[in-house]
Amino acid sequence: MRFARGVAALAVLIALASGCNEEADRAPVTAPLRGPAPAEVTPGTIGRRGVTYITDCQGDPRHGPSEIIITCADSNYGVGLLRWRGWGTQRAVASGVAVVNNCIPDCTRGAFAQYPVTVVLTHIRDGEAAAFYTRMAILAPDAPGAGMPEKDLYRLGTPAGGRPGPTPLAAATTPTRP
């Protein structure tokens, strides 16, 4: 019986070893992260290439996200379809679309408006293993009327401290009910 178990275990090990792909382990464990090259790297900018993030509503790091939820509690305001330029430099810029609940007659029955925006990330804070953008501006010159901001300013948290997700700065004009 012991011999049969030993033979079975050996057969499993041989089967596993023969199915392994030697190519899969050729890259060193410490290979650098890869990401999009910054659009413009000039003297005075920092091109981090793949180690710069923002934190989302749960406090998790996100690299070049395609969407950002602004109002973490209810998801009534966010930006999406983001296309980044200069990610990893001192100033990352994305074009995209804002999606905002107009909250008429209330937020549960409101309609969502969409309009083009530009998102600008600045104020990089270096950490031990990565860097994080800590300021965000959302520029929307074509915002559709009452309660929709033309400019929003936010503080972004970092995993090491602060609240996760965007926090409006004093000068921010967040969407409100008309």
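We did not get these values from a lab; they are worked out from the coordinates using the rules stated. As the structure is a computational prediction, the values presented were derived from the model and not from experiment. Ideal geometry is used to build each Cβ from the backbone, glycine not excepted, and the neighbour counts take in all protein chains shown.
With the simple model of a label 7 Å out from the Cα in the direction of the Cβ, A111 to A160 spans 4.7 nm. In angstrom, the C-alpha Rg and Dmax of the stretch 82-130 are 15.9, 47.
Kindly give the semi-axes, whole Å and largest first, of the ellipsoid equivalent to the stretch 52-168, taking each as the square root of 5 times a Cα gyration tensor eigenvalue.
With the √(5λ) rule applied to the stretch 52-168, the semi-axes are 25, 16, 11 Å.
The I104 and R125 beta-carbon pair, evaluated with R₀ = 41 Å, returns a calculated FRET efficiency of approximately 0.60. Around L169, under 14 Å between beta carbons, what's the net of Lys plus Arg minus Asp minus Glu among the other residues? Net of charged neighbours comes to +3.
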